[in-house]
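Below is one structure, written out as structure tokens; the observations come after it.
The values are calculated or read from the model by the stated rules, or taken from the named source; none is laboratory data. Everything numeric in this text was worked out from a predicted model, so none of it was measured. Every residue, glycine among them, receives a Cβ derived from its backbone with ideal geometry; neighbour counts consider all protein chains shown.
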Amino acid sequence: MSYLIKPAGYQALLDLQQTEMGIKRIKDFFQQNLSSELKLRRVTAPLFVLKGMGINDDLNGVERAVNFPIKDMQDASAEIVHSLAKWKRLTLADYYINEGYGIYTDMNAIRADEELGNLHSLYVDQWDWERVMTPKDRNVEFLKKVVNRIYSAMVRTEYLVYEAFPVITPVLPEEITFLHAEELLQRYPGLTAKEREDSAAKEFGAVFIIGIGCKLSSGEPHDGRAPDYDDWITETENGYRGLNGDLIVWNPVLQRSVELSSMGIRVDREALLEQLRISGQESRQELYFHKRLLAGELPQSIGGGIGQSRLCMFYLRKGHIGEIQAAIWPQEMRLEAEKNGMPLI
């Protein structure tokens, strides 16, 4: 069910033309900085992949992929991508990318099962990136190092926006705070996972929550994660599990937390087999992607996605993602958003 947050007294700080100029500046500047920070080269990515090869991102495992038959291939079924989490790792192998280097691309997706609202659209656009690493990098400290590099690019981009539009004052702290999902559970007892994210983001300004998908002391994971890309089962030095996480900031317009990036160290053979077993999806071992990984044909890697429209929405202090991107919205949401100063493109 769609849901609209109505920020009290909201008024857009930029008009439509300024907004489009801001979007262009942000996207150009941020992707250049991301590429430099992580040593990434840009590649071309697919909009759709063949169904049944295990390449598409299964997200939480319940979302339906938009699919269509291909006339010239005996009606073989293609799926619009949810993201390129697994495709990128195949590309690292096929392009023979060296350790310490990687790729990034503009990922465009359709997620038909999204609950539409200020932050969620049917159309998803993000920078998907993937970088080759060594086995000795399979640790939380390496994960944090990469997160800090990405966050540095985010802080610099916010200052660029301020220089172009002085009415927009920077709000990101200089450093990001790292918390494991279990630490979050203990720090804010009695709250739901979303409420814990809101509390942490409000307290620290920007947080990276480690361990998305692993079972916590409550018996439940902080949030769902597919079993075949991020490693959420490996036990770390501090006794926690998980080598992945979500980058979350406090949004001063919506007065709530907003996830800008999901990323992690990817599964190796052992983590994949264990996570497939835990999720009851051992049959995936017979799929194309999984066979190549289990055969040792894919490099160890770290990767993730960074929402383009969400990033622009945050930097330009917009109340609705529909002020950044053109998409389909329920008519009642369009009318209500317009009443509350948020005209949807």
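Picking from residues in region 81-96 that are among the small types (G, A, S) and within 19 Å of the chain's Cα centre (by Cα), the one that is nearest to G304 (Cα to Cα) is A85. Considering region 199-236, and only residues there that are of a type in the set (F, W, Y) and either under 28 Å from Q255 (Cβ atoms) or over 16 Å from the mean Cα position of the chain (by Cα) (or both), the residue that is surrounded by the most Cβ atoms within 10 Å (Cβ to Cβ) turns out to be F208.
Can you confirm whether G296 is within 23 Å of G102 (Cα to Cα) and touching a strand residue (DSSP E or B) at 6+ places or on another chain (Cβ under 8 Å)?
No, not satisfied.
Let me spell it out: the conditions are (1) part of a loop (DSSP other than H, G, I, E, B); (2) at pLDDT 95 or above; (3) surrounded by fewer than 17 Cβ atoms within 10 Å (Cβ to Cβ), and G190 meets all of them except one. Which number is the exception? It fails just one condition, (2).
Flag not set for E99, criterion: assigned to a helix (DSSP H, G or I), more than 18 Å from the chain's Cα centre (by Cα) and surrounded by fewer than 19 Cβ atoms within 10 Å (Cβ to Cβ). Against the test of being crowded, with 20+ Cβ neighbours inside 10 Å and more than 14 Å from the chain's Cα centre (by Cα), the options D128, D113, D137 yield a single qualifying residue, D137.
So for region 134-142 (the condition being part of a loop (DSSP other than H, G, I, E, B), farther than 14 Å from P299 by Cα and in contact with a strand residue (DSSP E or B) (Cβ under 7 Å, 6 or more places away or on another chain)), does at least one residue qualify?
Among the residues of region 134-142, not one is part of a loop (DSSP other than H, G, I, E, B), farther than 14 Å from P299 by Cα and in contact with a strand residue (DSSP E or B) (Cβ under 7 Å, 6 or more places away or on another chain), which makes the answer no.
Within region 267-283, the set of residues being among the hydroxyl-bearing types (S, T, Y) and touching a residue at least 60 places away in the same chain (Cβ under 8 Å) comprises just one member, S279.
Among the residues of region 142-162, those identified as in contact with a helix residue (DSSP H, G or I) (Cβ under 8 Å, 6 or more places away or on another chain) and either more than 17 Å from Q308 (Cβ to Cβ) or of a type in the set (F, W, Y) (or both) are V146, R149, S152. Do we have L273 as of a type outside the set (G, A, S), at pLDDT 95 or above, crowded, with 19+ Cβ neighbours inside 10 Å and over 17 Å from the mean Cα position of the chain (by Cα) here? So L273 fails the test.
Considering each of E286, E338 in turn, give the residue that is closer than 25 Å to K51 by Cβ and without any contact (Cβ under 8 Å) to a residue 40 or more places away in the chain.
E286
Restricting attention to region 215-230, the residues being part of a loop (DSSP other than H, G, I, E, B) and over 25 Å from E175 (Cβ atoms) number 11. Close contacts from region 252-266, counting a first residue that is within 16 Å of S199 (Cα to Cα) and a second that is aromatic (F, W, Y) and in a strand (DSSP E or B), with Cβ to Cβ under 9 Å and a gap of 6+ residues or different chains, come to R256/W250; S257/W250; V258/W250.
The residues of region 18-41 that are out of contact with any strand residue (DSSP E or B) (no Cβ under 9 Å at 6 or more places or on another chain) and either of a type in the set (S, T, Y) or at positive phi (or both), listed by number, are T19, S36. Scanning region 237-261 for residues that are surrounded by fewer than 24 Cβ atoms within 10 Å (Cβ to Cβ) and at positive phi yields G239, Q255. Inclusion of S121 among residues that are in contact with a strand residue (DSSP E or B) (Cβ under 7 Å, 6 or more places away or on another chain) and part of a loop (DSSP other than H, G, I, E, B) is not warranted.
Listed conditions (1) under 23 Å from Q281 (Cβ atoms); (2) in contact with a helix residue (DSSP H, G or I) (Cβ under 9 Å, 6 or more places away or on another chain) are all met by E197, apart from (1).
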